[in-house]
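The values are calculated or read from the model by the stated rules, or taken from the named source; none is laboratory data. Quick caveat: nothing in here was measured; it's all calculated off a predicted structure. Virtual Cβ from ideal backbone geometry, glycine too; neighbours counted across all protein chains shown. Just the protein is used for accessible areas: all its heavy atoms, side chains included, with ligands, DNA and RNA removed. Shrake-Rupley method; radii C 1.70, N 1.55, O 1.52, S 1.80 Å.
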Amino acid sequence: MGRYIRNRLLWMIPVLIGVAVMIFSIMYFVPGDPAAIILGKEAEEWEILALRQEMGLEDPFLVQLGRFLWNALHLNFGESYFTGIPVIQEIAMRMPRTTLLGFLSMFFTMLVGVPLGIYAATHRGQLGDSAVMALALFGVSFPAFWMALMLVLVFSLRLHWLPATGIGSWKHYVLPVLASTISGVGTQARLARSSMLEVIRSDYITTARSKGLKEREVIYKHALPNALLPILTSAGARLAHIFGGSTVIETVFSIPGIGTYMINAVNNRDYPIVRASVLVLAILFSLVMLLVDLAYAFVDPRIKARYAGAK
Amino acid sequence: MTEQRFLKIRDLTIQYTSGGQIIKAVNGVNLDLDEGKTLALVGETGAGKTTIAKSILQILPHPQSKVVSGSIELNGEDMIKASEERLRQIRGSEIAMIFQDPMTSLNPVMTVGDQIAEVIEHHQDSTDKSAIDRAREMLELVGIPGDRIKEYPHQFSGGMKQRVVIAMALACNPKLLLADEPTSALDVTIQAQVLEMIAKLRDQFNTSMVLITHDLGIVAEAADTVAIIYAGEVLEYGNKEQIFHRPQHPYTKGLFGAIPNLYVKARRLHNIEGLPPDPTNLPVGCCFAPRCPYAREDCKTTKFEAHEVEPGHLCSCAYAEHLED
Amino acid sequence: MRKMKFLSLGLSALMAITMIGCGESAPAGTTTGGGGGGTAAATESGGGSGGETANTPDYIRNDLGPSSFFIQDTKIELSDAEKQKIIADHTDANGKTFVTIALVDDPGSLCAYGSGASKVRSVLLPIVYQPLFARDKLGMKEPAPVIGESWEYVGENPNGGFDWTVKIKENVYDSAGNHITAEDVVFSIWEIGVGKYNAQLGSWCTNMEVVDEYTFKATMTVDGFMTLDVRLLSGNNYVFSKAAYEASPDGMITSPVGTGPYVLTKWETGSTLTFEKNENAWWVAANDMTISREMQNVDKINFKVIKDSAQRTIALEAGEIDYLTSVEETDLVQFQDPAKFTIADSLASQRDTLYFNASEKGNISDVRVRQAICYAIDNEAIILGAVNSGVLCYTVGPTTASAYNKKWETEDYYNYNPDKARELLKEAGIKDGELTVVIMTENAPAYNTRVAEIIQGYLEEVGVKAELKPVDGALFSEYKYDPTSSDIIIATTGGNADYLAPSYCSNDYRTKGETTGLTHLDNPEWTDLQERAMVAGDGSQLVEDCHYYIKDNVYGYALFSATLHTVVTPVITEVRLLTGFEVPGANKYLWNE
């Protein structure tokens, strides 16, 4: 098992290098000139060229790539072309907010979605099932930003219970987490339901019942651990989705996180920020995927055996 | 037959609903079993054998299935009328069931020791430790080294898995064991081992058994009494000797006729013409009439009650004694 | 299954209803000046009162003052008790008064120089720093002294360029107590501004050096006072102390120290910024200066970063902020209650302008075709369709410049005349449907795409097909100098509000080769006129000639200036805008009575 973890971590290195090269190349070839944006509308062509040379943007592709990779290896991602603030500093400050938002959202999505799905599965065809599926449809249909604005209208504007924007207290996180959770709960509930339904039909569930176990034991001790696998997969995917989609929530609620940092940078062609943010997110994803895979092993001994043995 | 038998099933009728249609799975079944004896339920796939067995334990799927009428009495207690709580007490400890496919009968994410210990803990106030010890004993009993209680099902072969299932079923010393085609998924050599072990344990603990199978060879080995099931009805019932040597019902005869004979050179196996009836649309009259080579006019319109052809031997074909005519 | 279908339909209907319900479209252009203060005091309206025919539609707001220099009374009738309550709500635990204002984004850096988040920095930097000279009224012939005191022309520099000396006041101190000398001025503007951050001044000035303790010398590339004023004196060249800069751990990015009216006390990146009154103000108000920006009518200014425009509107409605500018016309309906909000309208200083590719590489190199395009468009209709209300423009330069000639408004500025358009096209030999023009627009502001669509419609009426090409900011800067990428560019131009010449002679109209300027031409005659006009400065005949040159050759065509809606809560009794941005210290508040 330890060897498996070690191998996975080692594999992250070529993956990250690949990501770094890719994001560098993409930004290199995308049209749009940061020097022109910095100097503004009135700039002359020779001025722009001079700035580009100063910024190292006129060097050959491989030279620039090499410089970037070398610096990245030393965790030096440079400074923002626009504000001059070191990128790694900004990321260090914003990362916790985005990850907190992400993990809280994930946590509540699971906390609410999975039991709802199980409930629907065990009450299949009855009113409870329909109610849960209706709720799921609701959550899945409405876009997160619409949900966010609706929540703000109700809880901030009308009721004055919660702040509408910004960060600062735990209260500021309630609406953003709520907005992303509601959209996620629907998907999770449906997935949990279908996964459970499939597992409940298994023979070993009949065996468990025939042993005289209480229905609760049958569901939670026998069915659920087996139904977890697809649920875990979607948890990982959901987390990826949350990090990527956090920009919308961050913009609506003015939360200074990685999402907005990256989007602004893309618009401004602020290369150092884009490269660093993408790399950091890639690292985060890889670690999350590793955690999900380890969770598999924890839940299913067959997979654990495969990790320990085969690799 | 009003005296108390060990297992007495009377007039059992069970229906499933699926997609708006009613599936008549079991239609008026009567069966008896004495203590310590083995009853074989024989029939084609879909005849209703598993349904009958599951209904004894009342583990049929809930919204879809319904016991329309009848009674299942174990030592005088009607399972159908029993409360869920009482049934949970009975399941696993007084009645146990083993299923057809060992590959999927065990929970893949629990150790076999835990799964066996679970049923022990549930029914007998025992501490963790003694339950595990007993689980170990049971494994030894079925011929598996006791240390393997920590292993997971995927680490066992098919035959050994089935033995684990048997160990689990017998862990609480049930009075009645329901075995649903316990060896159908295993290859022949393992089959023999498993059957042997079942027989040994059954003798050791004096367990009664309902054995579901479509393999007449197994019936010959293991059964005391035999019931031939077709389209949810008992077509013929009797002890082994009666059924094997003097089959009365045309269907039974057809079954035996389909057994290849080692001594006769045959190009093709005899089979029974036609297919079993659609359970949503059962024929009026005798359920076997559409396929019966001896069918007469009134067979198609009248349902005949089972009658005794010799003591303890019942047959539902009215013309059984006069088939040659 | 049927249950599901019914449910989905039900939910879709629900969503549709909420969409309709929420976006009650306000009637266009019926915004009033709100309760109270109707007379736009002290707005010598320099613009937009032209063409006053009897049927000027109500969405043409010739009555509005420009947002570049805007003051409006917004006082609401309140009882004393209500006033006291509002004042109490805006006083913190230490007895300091405060006001809360929304920012569209985090400034990123509060160093006086640098790029990025320019709109936000334009609001914040003038609160902390001060420039050499400034203008805050319409029609000032010369800028008023702030840190600077006077200037003098020295003569031509033997190495090229034109030398000026500038003297600064002797009693200037920053908020940390550092004395400001000419050395600090040269350090901040030349070494840091131009040297480190490539400030625009660098294109117009080749050298700055200290002469004595309070005097420095600047060598400008173009002769004439106008360039000195626009680029050095009145340009946003902020001054700070060299000692303070060097003592700052990050070059004043997060810890600015300036000479201005307020000091940054708290900054939560991306979230809030708080500024408090500079207790060491080196000037004595009304004696040393008459500039609005030095006013300190409130003790504390809280800025909240709210990125999403819907959220900003909600914050204002909920009373979380006191002041919001650039409010969308459709959102005004929320603020119609005169007892709770005042709407102050002004004219945005930006002009939505068409730039024409007059070169052979484009499809409209024939001037008659360009003229036809301008005649084909109904500018009033564009105002109504794209921005709901605004005023027409008659030149590509600012109407707030003192040299702006009202006479131009009476002349035909290609006023809507589709027949004339068709006539000109025929003259140029273009058959109906034969010509396709490519119109490129920058995505910001959002209404530009609507403008493009409306123009497309009008061009179709006269038989010209238009292909629209909306691009984002970064792509726009790259494509705009490419003569093969578009025929017409729609962009907003703002810039200097005091002079016409910088607009006429800007890079946009430069004709020194294909890839300079948006006309993509090489026109030595025009280039020469531009250069002489820059030297002669506003007020000279040459600048007027520039207006006509651009107009007659249709290098550029100004469409409109949009109405800028500002909404405030009763705590503010007088709203002030400079260059279209809020000046929180200069507003008047309830407690200033």
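When you work out D = kT/(6 pi eta Rh) for the stretch A:5-158 at 37 °C and 0.692 mPa s, using the Kirkwood radius from C-alpha pairs as Rh and the Stokes-Einstein form, the result is 157 µm²/s.
Across chain B, counting alpha-carbon atoms alone, Rg and Dmax equal 20.6, 68 Å.
Ignoring GluC sites (Glu not before Pro) that are buried or in helix or strand per DSSP, and keeping those with at most 15 other beta carbon atoms within 10 Å, what is the longest stretch of chain A between them? Before the final figure, lay out each step's value.
Numbers: sites that count: A:Glu42, A:Glu44, A:Glu58.
Maximal segment without exposed cleavage sites: A:59-311.
What the phi angles of the stretch C:341-354 give under the Karplus curve with 6.51, -1.76 and 1.60, with θ = phi - 60°, is a coupling list of 9, 10, 9, 10, 9, 9, 9, 4, 6, 6, 10, 6, 10, 9 Hz, glycine and proline written as x. Towards the positive end of the charge dipole of chain A, with charges on Cβ (+1 Lys, Arg; -1 Asp, Glu), say which of A:Leu127, A:Val19, A:Pro31 has the farthest Cα. Final value for the positive-end residue is A:Leu127. Report, as a whole number in µm² per second, the diffusion coefficient that Stokes-Einstein gives for the stretch A:26-65 at 25 °C and 0.890 mPa s using the Kirkwood radius over alpha carbon pairs. Result for D is 229 µm²/s.
Could you give the longest part of chain A that holds none of the chymotrypsin sites (Phe, Trp or Tyr not before Pro) found in DSSP loops with at most 12 neighbouring Cβ atoms within 10 Å? For chymotrypsin sites (Phe, Trp or Tyr not before Pro) (loop position, at most 12 other Cβ atoms within 10 Å), the longest site-free span of chain A is A:1-160. Projected onto their three principal axes, the Cα atoms of the stretch C:403-541 cover extents of 45, 38, 29 Å, largest first.
In the elastic network of chain A, a GNM with C-alpha springs shorter than 10 Å, the most mobile of A:Lys221, A:Lys41, A:Lys171 is A:Lys41.
For chain C, treating each Cα as an identical point scatterer without solvent, what Debye log10 I(q)/I(0) comes out at q = 0.07, 0.08, 0.10, 0.11 1/Å? Scattering profile of chain C, log10 relative to I(0): -0.46, -0.60, -0.94, -1.12. Solvent-accessible surface, computed for protein heavy atoms with a probe of 1.4 Å, shrinks by 40 Å² or more for the following residues of the stretch A:39-64 when the other protein chains are added to the isolated chain: A:Leu39, A:Lys41, A:Glu42, A:Glu44, A:Glu45.
Share of carbon and sulfur in the accessible area of the stretch C:115-258 stands at 49%, probe radius 1.4 Å.
Amide H contacts for C:Ile101 (H built 1.01 Å from N in the peptide plane; partners 5 or more residues away or on another chain; cut-off under 5 Å): C:Asn302, C:Phe303, C:Lys304, C:Asp322. Solvent-accessible area lost on pairing A with B (1.4 Å probe, both sides summed) amounts to about 2000 Å².
The Cα atoms of the protein assembly as shown define a convex hull whose projected area, averaged across directions, is 66.4 nm².
Working from Cα pairs under 8 Å separated by at least six residues, relative contact order for chain B is 20 percent. The length gained on full extension between A:Arg3 and A:Asn71, counted as 0.36 nm times the residue separation minus their Cα-Cα distance, comes to 21.5 nm. Accessible-area loss of 50 Å² or more (1.4 Å probe, protein heavy atoms, chain alone versus all protein chains) is found in the stretch C:107-124 for C:Ser115. In order along the stretch C:68-76, the phi-based Karplus estimate (6.51 cos²θ - 1.76 cosθ + 1.60, θ = phi - 60°) of 3J(HN,Hα) comes to 5, 9, 10, 9, 9, 6, 10, 5, 10 Hz; Gly and Pro are listed as x. With no solvent and one point on each alpha carbon, what is the Debye value of log10 I(q)/I(0) for the stretch A:95-257 at q = 0.08, 0.13 Å⁻¹? One equal scatterer on each Cα of the stretch A:95-257 leads to -0.28, -0.66.
In the stretch A:14-37, burial by the other protein chains removes 50 Å² or more of 1.4 Å probe accessible surface, compared with the chain on its own, from A:Pro31.
What's the carbon and sulfur percent of chain A's accessible surface, probe 1.4 angstrom, rounded to a whole number? Walk me through the intermediate numbers first.
Working: 9640 of 14030 Å².
Accessible surface attributable to carbon and sulfur in chain A totals 69 percent.
Across peptide A:252-263, how many C-beta atoms of other chains are within 10 Å of each residue C-beta, on average?
Values: counts 5, 4, 16, 4, 8, 1, 0, 0, 4, 2, 0, 0.
The mean count of partner-chain Cβ atoms within 10 Å per residue comes to 4.
When peptides C:57-67, A:174-184 are ranked by their average number of other Cβ atoms within 10 Å per residue, the highest-first order is A:174-184, C:57-67.
Relative contact order of chain A, please, whole-number percent, based on alpha carbon pairs below 8 angstrom and at least 6 residues apart.
Working: 325 pairs, mean separation 79.3, N = 311.
Taking the mean separation of contacting Cα pairs over the length of chain A, I get 25 percent.
What is the magnitude of the charge dipole of the protein assembly as shown about its Cα centre, with +1 placed on the Cβ of each Lys and Arg, -1 on the Cβ of each Asp and Glu, and no other charges, expressed in debye to the nearest 20? Let's see the in-between values first.
Numbers: 105 positive and 145 negative charges, 1071 e Å.
So the dipole magnitude of the protein assembly as shown works out to roughly 5140 debye.
Relative contact order for the stretch A:16-159: what percent, with Cα pairs under 8 Å and sequence separation of 6 or more? In percent, rounded to a whole number, it is 11.
Evaluating 6.51 cos²θ - 1.76 cosθ + 1.60 at θ = phi - 60° for every residue in the stretch B:31-48, the Karplus couplings come out as 9, 10, 8, 8, 5, x, 9, 10, 9, 9, 9, 10, x, 6, 4, x, 6, x Hz, glycine and proline recorded as x. For the peptide B:105-117, the mean number of other protein chain Cβ atoms found within 10 angstrom of a residue's Cβ is 5.
Residues whose amide H comes within less than 5 Å of that of C:Asn207, counting only those at least five positions distant or on another chain, are C:Thr219 (H built at 1.01 Å from N in the peptide plane). For C:Trp282, the amide hydrogen comes within under 5 Å of the amide hydrogens of C:Tyr173, counting only partners 5 or more places away or on other chains and with H modelled in the peptide plane. Comparing A:Thr99, A:Thr83, A:Thr247 in a Gaussian network model of chain A, where Cα atoms under 10 Å apart are tied by springs, the biggest mean-square fluctuation is seen for A:Thr83.
What does the average come to when, for each residue of peptide C:312-322, you count the partner chain Cβ atoms lying within 10 Å of its Cβ? Mind showing how you got there, number by number?
Numbers: counts 3, 1, 7, 8, 0, 4, 8, 2, 7, 1, 0.
That works out to 4 on average.
Counting only protein heavy atoms and rolling a 1.4 Å probe, how much accessible area do A and C lose on contact, total for both sides, in Å² to 100?
Details: alone 17040 and 25290 Å², together 38250 Å².
Chains A and C together bury roughly 4100 Å² of accessible area.
Dimensions of the stretch A:180-252 based on its C-alpha atoms, expressed as ranges along the principal axes with the largest first, amount to 55, 17, 15 Å.
In terms of distances greater than 19 angstrom between alpha carbons, the cross-link table entries C:Lys96/C:Lys169; C:Lys119/C:Lys469; C:Lys266/C:Lys300; C:Lys426/C:Lys469; C:Lys119/C:Lys480; C:Lys480/C:Lys512 yield C:Lys96/C:Lys169; C:Lys119/C:Lys469; C:Lys426/C:Lys469; C:Lys119/C:Lys480.
Using Stokes-Einstein with the Kirkwood hydrodynamic radius over Cα pairs, what translational diffusion coefficient do you get for the stretch B:169-325 at 25 °C and a viscosity of 0.890 mPa s, in µm²/s rounded to a whole number? Walk me through the numbers before you get to the answer.
Numbers: Rh = 17.5 Å.
For the chosen part, D equals 140 µm²/s.
What the protein assembly as shown shows is 43 Å² of accessible area per residue, with the surface traced by a 1.4 Å probe over protein heavy atoms.
Taking the convex hull of the Cα atoms, report for the stretch C:490-593 its projected area averaged over all directions, in nm².
Details: hull surface 36.1 nm².
If you wrap the Cα atoms of the stretch C:490-593 in a convex hull and average its projections, you get 9.0 nm².
Two-decimal Rg/Rh of the stretch C:169-230 from alpha-carbon positions, Kirkwood Rh?
Numbers: Rg = 12.5 Å, Rh = 12.5 Å.
Radius of gyration over Kirkwood radius for the stretch C:169-230 works out to 1.00.
For the options B:Lys37, B:Lys24, B:Lys81, a Gaussian network treatment of chain B with springs between C-alpha atoms closer than 10 Å singles out B:Lys81 as fluctuating the most. Considering only B:Leu262, B:Ile212, B:Ala131, the residue lying farthest towards the positive end of the dipole of chain B is B:Leu262, judged by Cα position with unit charges set on Cβ. Taken over chain A, the percentage of Cα pairs per 10 Å bin, counting from 0 up to the bin with the maximum distance, is 6, 21, 25, 23, 16, 7, 3, 1, 0.
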